[in-house]
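*Asks:* Please read through the structure below; I'll follow up with questions.
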Amino acid sequence: MTEDKPPRKEESAGLMKYSAENLVPFGPIHPALKEPEYFKLVLEGEKIVEVIPRIGYVHRGLEKAAESRPWVQNMYMFERTCGICSFVHSLTYGQAVEGLTIYEIPRRAKFIRTIIAELERIHSHLLWVGLMGHWAGFETLFMWVWRDREVVLDLVEAISGNRIHKSMNAFCGVRRDMPEGMEDRIVERMKFLVDRANYYKGIVDTEETMLERTEDIGRVSAETAEKLCAVGPMARYVGLRRDIRLNDPYAAYDEVPFDIVTSKEGDVHALLKLRLDEMIVAANMVSYAVKHLPEGPIRIKIPPVIPAGEHSSHSEAPRGEIFYYVKSSGGRTPDRVKSRQPTMANLPTALEILKGQTIADVPVVLTAIDPCFGCMDRMSFLDIESNRQWTWSGEELRRYGINYYFPERMKMR
Amino acid sequence: MPRRRAGAAIPEMFRTMLEKPSTRAYPYQKVELPARFRGKLDIDPERCTGCQVCAMVCPAGVITMIDIGTRKVGDKELPVKRPVFELSTCIFCGECVDNCAFKALEMTKQFELATPHKEDLTMRKALTK
Amino acid sequence: MSEVLLQQIERLAADAKTKSTQLHKGETMIEIEQSQLKNFITRLVNQIKIRHLSTITGLDLGQNIGIIYHFWRDRNTIHLKTFVPKTKPTTVSIVDIIPGAILYEMEIHDMLGVMFVGNPWMDKKLLLPDNWPDDLPPPLLKNVKPADIRKRLGLEVEKK
Amino acid sequence: MINEILQAIIFPGVLFTIAMGFLFDWLDRKTAARMQGRIGPKITGPSGILQPLADFLKLLFKEEIIPSHADRVIFLFAPALYFLAPLLSMLFIPIIGPTPLAGFEFDLLAILFLLAYAAFVVTILSYSSASSFTTIATGRLVLQYVSYEIPLVLAIITAALYSRSLSVEGIVASQSTLWNILVMPFAFGVYIIALMAELEKPPFDIPSAKTEIVAGWLTEFSGRALSFLKLTKEVGYVFGSALAVSLFLGGGLGPEVAAVPPPVLYFVYFMVKLLLVGFLIFVLKTALARIKIGQATELFWKILTPVSLAQIAFVLVLIQGGVLVAT
């Protein structure tokens, strides 16, 4: 047994009850994870009994950095929290700050925000459906879905000038108006996307090999998901009606008619269909909002100093609830900005689902929550390992590597 | 529940085969850029007055102001500043362009900015004036 | 619906001998004693059925560390604020009432050094690197400068 | 004699087979790309036809890394042993005429042996590199092998039974009036599915599933070994399709070449059928998602083995009843 060996530093204290043989590391670099994260899986044979997450590999210290930057600059910084749901970050941060001011957001700006946010949702959901195909080994679905995703990206590029980081938001408004004569094109493209989404729904419903990969995997009860504070599609696929667009409307969601999609089945297959359904809803919302776009100004210029106070805002990102809390002491820079990303909120649920599954299901379940570890990690500080290695010369780095893996070889020299 | 079968995607696959492929063979076939595309930043040195607004709003710290001389206002000597752009850190948000009151800044359509030398991306155009 | 909820919250706050302030439309800030916190959250969850905890924010307030629990249901957001003295940053964990709070508490533990009694993973790090020295102050405190930490860890990259 | 050696080395022997391997790789990539709405290889050669060759040459000149825990002898020599299997098997297939280069009376048994040999070599190859990914891949390889082997052999045996010959030459010759596929369509189907499992094409790319276990048993290989392993897979692809053509589609037989076939026409017919079988596999591979190893085992043992047994029973009844006896 391993009791007589001194425990390694990182596995001290709390993990003592598990012997080292039962601990299987998953990550930080793993083919199923596109971003570096580390999960310690405690196994009993093939079964997982406990998962301990260790995030923070790509942290950049955004919250600390925000305290030393002007309000406007922070908007662009928080937009870069994530490459996929970038707009909704700046939207939520903007709403939190706008709450501290006395200005009213123009109605046209609210509609434009809704349009961009929904386009982003379509883009994010398509990305996820494609990746699910990729992880299930269905390359064709992946290629088709990502091809159709270009439609959204091209529209976003035409509206905002950039495909990913739209830089559309300003405090109390948006920076760019909708381009002239885009209405027909957007409506026609949205119709195309609805057709495609319906087709993909058919595929994931009938294709035998796809069904075998997704059915009956990743089940969790509604009570557990509610207790663990799941958000977004992860809450809706077990039947919780939790959608901030509906529960606490922001932007123009109280003026654009829509209904949220929930599912009762509660497996990965249901999640796939739910995301495609949400895409259809979003496409219809975009069409409606474009047709009913009100006239008026798009922006109110506000002074760079934000009045003192504290305010929070949340909104429904493609992956779930995004939460921002800002505290101002009346200066040019914020006192404190707290941002919480949906992956962070969904992680406890994913860990719960993993318990009792076998190792083979780990990638599928972790993918199912649409993880964006880059988002989640916005918070911490310095990447010590990489920074230290950075200052080394190539030769030093090589010697370190050899020493690390083959200490006996180094001794021989 | 629809009928489950293997190979549900085959008809669509043949249809796709007959369509035009959606790949754009980029370096051989130039991409058409939308009117609002935000590419490399450019400055018109004639119009720049050195007011520093762009340097203040830039979220990425691209712009540093450099003293290039002095001028007399009344009986005071004031420094004359001009911006230097470190474009390798630019995030293409366009905030400086929006805030430039003299319309000296502009986002061009140029996006092929890869270079082996980081110094190539330092724009000192405004200094020469 | 919303009005009823608001009244219920106010009644609950009155029971806990604290008062609720309306920050903005639909946002209620309740400052509460640490000893009352757990009782209050239990009643919030069981009686008013506000079950969703958005997140927990920790912030440096000079003398104290403020911990804000953000709850919401429909159009009502409730911020529960408690204070922990910086000299002895210890508070109770709410993991047994809301299991989803576990990662948020770990995060605050990493960033501000607050100890949550009752959280089973308090001995582990979530975000900070494994080789983070024990004697370094938590990084999100106001008096901690990023440059100091870099210097302390010997990470200052020399500029050419 | 010189002529025979040239035939064995150049056409239709080793070099031709390798060239066909490259062609199949290119066709595979090109059709899959077009079905997915992409272009596929484009730059090297006309429509990128030389891309597989370019990839092969590039890998050939790359550094070879041997993991420190690997069994060096097996790790270095097994790729060559593996490369031999489909190349040798190809010599038993009649390509330019009804007589293969190296046929003998029981060459079908030799082919069956070489199939098993290839699976065995891959397994020890995978096991020799001793990393966690290849260890999982080895387990999956063996499990997949024991699943597809029985239906595959049963399907081949069906053709041999009906044609009452254990040589590929004899089986091809027996199909001059009626192709075997018309008598035993299910055996052909089972053969194609089992072949996809043998070639590790989706949905049976379980031992080399890239999103689960990196590159499966190929993970630790690099440089020369990797280039040859990849080439072997492609040549195996050609061989598997060629065997299907010979066993079920009448080889190069067709109109005008029933009795004494002129070599050119025979070759043309053979190639057309070969590409058709290849295309069938490209389509199936593009249309399906990867299944799990348990599901693959279930498919082969619970469905395909009974189906091929039923097919054999059906063929035996036909023979016994004197209906439709092959000439």
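*Asks:* Rounded to whole Å, give me the distance from the Cα center of the range D:263-307 to that of the range C:74-145.
*Replies:* 58
*Asks:* May I ask for the equivalent-ellipsoid semi-axes of the range C:2-128, computed as the square root of five times each C-alpha gyration tensor eigenvalue and listed largest first in whole Å? Before the final figure, lay out the partial values.
*Replies:* On the way: eigenvalues 122, 47, 33 Å².
Over the Cα atoms of the range C:2-128, the semi-axes work out to 25, 15, 13 Å.
*Asks:* Over chain D, what is the relative contact order in percent, taking alpha-carbon pairs closer than 8 angstrom and at least six residues apart?
*Replies:* Details: 469 pairs, mean separation 83.5, N = 327.
It rounds to 26 percent for chain D.
*Asks:* Report, as an integer, the average count of C-beta atoms from other chains found within 10 Å of each Cβ along B:85-97.
*Replies:* Details: counts 0, 0, 0, 0, 0, 0, 7, 4, 11, 7, 7, 0, 0.
Per residue, the number of nearby Cβ atoms from other chains is 3 on average.
*Asks:* Separate question: Out of B:P11, C:A16, D:L276, whose Cα points farthest toward the positive end of the dipole of the protein assembly as shown (charges: +1 Lys, Arg; -1 Asp, Glu; placed on Cβ)?
*Replies:* With unit charges placed on the Cβ atoms, the residue in question is C:A16.
*Asks:* What is the distance in Å between the Cα centroid of the range D:1-70 and that of the range A:103-175?
*Replies:* 40
*Asks:* Let me ask something additional. Straight-line reach from A:K291: which lysines fall under 26 Å, measuring Cα to Cα and dropping same-chain residues less than 8 apart?
*Replies:* List returned: A:K110, A:K166, A:K191.
*Asks:* Now for a separate question. Return one number: the angle in degrees, 0 to 90 and rounded to the nearest 10, between the long axis of the Cα atoms of helix D:51-60 and the longest principal axis of the Cα atoms of chain D.
*Replies:* Taking the Cα atoms of chain D, the angle to D:51-60 is about 50 degrees.
*Asks:* Between the range A:194-244 and the range C:1-32, what is the separation of their alpha carbon centroids in Å?
*Replies:* The two parts, judged by their Cα centres, are 36 Å apart.
*Asks:* With a 1.4 Å probe and all protein chains left in place, how much of the accessible area of the range D:74-157 comes from carbon and sulfur atoms, in whole percent?
*Replies:* Details: 2650 of 3240 Å².
Answer for the range D:74-157 is 82 percent, counting heavy atoms of protein chains only.
*Asks:* Find the all-direction average of the projected area of the Cα convex hull for the range A:194-254, expressing the result in square nanometres with one decimal place. Each step should come with its number before you reach the end.
*Replies:* Values: hull surface 23.4 nm².
Projected over every direction and averaged, the Cα hull of the range A:194-254 covers 5.8 nm².
*Asks:* Could you please put B:D75, B:D120 in sequence from largest to smallest accessible area, using a 1.4 Å probe?
*Replies:* Working: B:D75 135, B:D120 95 Å².
Highest to lowest solvent-accessible surface, that is B:D75, B:D120.
*Asks:* Please determine, in degrees from 0 to 90 and to the nearest 10, the orientation of helix D:14-35 with respect to the longest principal axis defined by the Cα atoms of chain D, where the helix direction is its Cα long axis.
*Replies:* Value to nearest ten degrees: 80.
*Asks:* Here's another thing I want to ask about it. Roughly how crowded by other chains is peptide A:227-234, in terms of the mean Cβ count from those chains within 10 Å of each of its Cβ atoms?
*Replies:* 4
*Asks:* Here is a further query. Suppose each label sits 7 Å from its Cα in the direction of the beta carbon; what would the C:N143-C:N46 distance come out to in nanometres?
*Replies:* Calculated label separation equals 4.2 nm.
*Asks:* Under a point-charge model restricted to the Cβ atoms of Lys and Arg (+1) and Asp and Glu (-1), what is the dipole moment magnitude of the range B:32-128 relative to its Cα centre, in debye to the nearest 20? Before the final figure, lay out the partial values.
*Replies:* Values: 14 positive and 14 negative charges, 42 e Å.
The dipole magnitude comes to about 200 debye.
*Asks:* Here's another thing I want to ask about it. State the Kirkwood hydrodynamic radius of the range B:32-128 in Å, one decimal place, computed from all pairs of distinct Cα atoms.
*Replies:* Numbers: mean 1/r = 0.0700 Å⁻¹.
Computed over Cα pairs of the range B:32-128, the Kirkwood hydrodynamic radius comes out at 14.3 Å.
*Asks:* Something else now. Based on the Cα coordinates of the range C:50-114, what is the per residue volume of their convex hull in Å³? Present the calculation step by step, with values, prior to reporting the outcome.
*Replies:* On the way: hull volume 4.8 nm³, N = 65.
Looking at the range C:50-114, the number lands at 74 Å³ per residue.
*Asks:* Ranked from the most accessible area to the least, with a 1.4 Å probe and all protein chains present, what is the order of B:H117, A:H125? Don't skip to the end; give the middle numbers.
*Replies:* On the way: B:H117 100, A:H125 0 Å².
Correct descending sequence by accessible area is B:H117, A:H125.
*Asks:* Using packing as a proxy for protection, rank D:281-291, A:175-185 so that the peptide with the highest average count of other Cβ atoms within 10 Å comes first.
*Replies:* On the way: D:281-291: 23.1, A:175-185: 13.9.
The most tightly packed comes first, giving D:281-291, A:175-185.
*Asks:* Moving to a separate point now. For the range D:67-321, with only Lys/Arg (+1) and Asp/Glu (-1) charged at the beta-carbon, what is the dipole magnitude about the Cα centre, in debye rounded to 20?
*Replies:* Details: 13 positive and 13 negative charges, 90 e Å.
The calculated dipole for the range D:67-321 is roughly 440 debye.
*Asks:* Assigning unit charges at the beta carbon (Lys, Arg +1; Asp, Glu -1) and nothing else, what dipole magnitude in debye, to the nearest 20, does the range A:62-338 show about its Cα centre?
*Replies:* 980
*Asks:* So for the pair C:K151, A:M182, with labels modelled 7 Å out along Cα→Cβ, what separation do we get in nm?
*Replies:* 4.9
*Asks:* Continuing with the same structure: Relative to 2.2 N^0.38 Å, what does the C-alpha radius of gyration of the protein assembly as shown come to as a ratio? Two decimals please. The partial results should precede the final answer.
*Replies:* Values: Rg = 33.2 Å, N = 1029, 2.2 N^0.38 = 30.7 Å.
Against the compact-globule rule of thumb, the ratio is 1.08.
*Asks:* How far apart, in nm, are two points set 7 Å out from the Cα along the Cα-to-Cβ line at D:I303 and at C:E10?
*Replies:* The answer from the label model is 6.6 nm.
*Asks:* Let me ask something else about it. How high is the relative contact order of chain C? Use alpha-carbon pairs under 8 Å, at least six apart in sequence, and give a whole percent. Working shown, then result.
*Replies:* On the way: 235 pairs, mean separation 26.2, N = 160.
Taking the mean separation of contacting Cα pairs over the length of chain C, I get 16 percent.
*Asks:* Can you return the lysines within cross-link range of B:K81? Criterion is Cα-Cα under 26 Å, with same-chain partners fewer than 8 residues away left out.
*Replies:* Cross-link targets: B:K40, B:K72, B:K103, B:K118, B:K125, B:K129, C:K159, C:K160.
*Asks:* Give me the inter-chain shielding for A:130-143: mean count of other chain Cβ atoms within 10 Å, whole number please.
*Replies:* Mean partner shielding for this stretch: 6.
*Asks:* Taking the mean number of other Cβ atoms within 10 Å as a proxy for protection, how do you rank D:246-254, A:349-357 from highest to lowest?
*Replies:* Numbers: D:246-254: 26.6, A:349-357: 20.1.
Ranked by mean Cβ neighbours within 10 Å, highest first: D:246-254, A:349-357.
*Asks:* What's the long-distance tail for the range A:62-338, i.e. % of Cα pairs beyond 36 Å?
*Replies:* On the way: 6287 of 38226 pairs.
Value for the range A:62-338: 16 percent of Cα pairs lie more than 36 Å apart.
*Asks:* Working with all protein chains in place, sort D:I9, D:I124 by solvent-accessible area computed with a 1.4 Å probe, largest first.
*Replies:* On the way: D:I9 90, D:I124 55 Å².
Accessible-area ranking of D:I9, D:I124, largest first: D:I9, D:I124.
*Asks:* If ligands, DNA and RNA are left out, what is the accessible area of A:L246 with a 1.4 Å probe, given in Å² to the nearest 10?
*Replies:* Answer for A:L246: close to 60 Å² accessible.
*Asks:* Sort A:204-216, C:41-53 by packing, meaning the average of other beta carbons within 10 Å per residue, with the highest value first.
*Replies:* My ranking of the peptides, most packed first, is A:204-216, C:41-53.
*Asks:* Just tell me the longest site-free run in chain C, where the sites are GluC sites (Glu not before Pro) in a DSSP loop having at most 13 other beta-carbon atoms within 10 Å.
*Replies:* On the way: sites that count: C:E33, C:E156, C:E158.
Formally, the longest exposed-site-free interval is C:34-155.
*Asks:* Given the C-alpha atoms of chain D, compute the convex hull and give its volume per residue in Å³. Walk me through the intermediate numbers first.
*Replies:* Details: hull volume 45.3 nm³, N = 327.
Roughly 139 Å³ of hull volume per residue.
*Asks:* Once Rh is set to the Kirkwood radius over Cα pairs, what Stokes-Einstein translational diffusion coefficient, in µm²/s, holds for the range A:245-357 at a temperature of 37 °C and a viscosity of 0.692 mPa s?
*Replies:* Estimated diffusion coefficient is 187 µm²/s.
*Asks:* What are the lysines whose alpha-carbon lies under 18 Å from the alpha-carbon of A:K264, with same-chain residues fewer than 8 places away excluded?
*Replies:* A:K201, A:K227, A:K273
*Asks:* Among D:S131, D:L299, D:F77, whose Cα projects farthest towards the positive end of the dipole of the range D:67-321, with charges put on the beta-carbon of Lys, Arg (+1) and Asp, Glu (-1)?
*Replies:* Selected residue: D:S131.
*Asks:* Which is farthest toward the positive dipole end of the range A:62-338 among A:F87, A:S312, A:A66, measuring Cα position about the Cα centre, with Cβ charges +1 (Lys, Arg) and -1 (Asp, Glu)?
*Replies:* A:A66
*Asks:* If amide H atoms are built 1.01 Å from N in the plane of the peptide, which residues on other chains or at least 5 residues away come under 5 Å of the amide H of A:R336?
*Replies:* Result for A:R336 returns A:K327.
The values are calculated or read from the model by the stated rules, or taken from the named source; none is laboratory data. What you see is a predicted model; the values in this text were computed from it and never measured. Here Cβ is always computed from backbone atoms with ideal geometry, including for glycine, and neighbour counts include all displayed protein chains. Note: areas computed on protein heavy atoms with side chains; ligands, DNA, RNA excluded. Shrake-Rupley method; radii C 1.70, N 1.55, O 1.52, S 1.80 Å.
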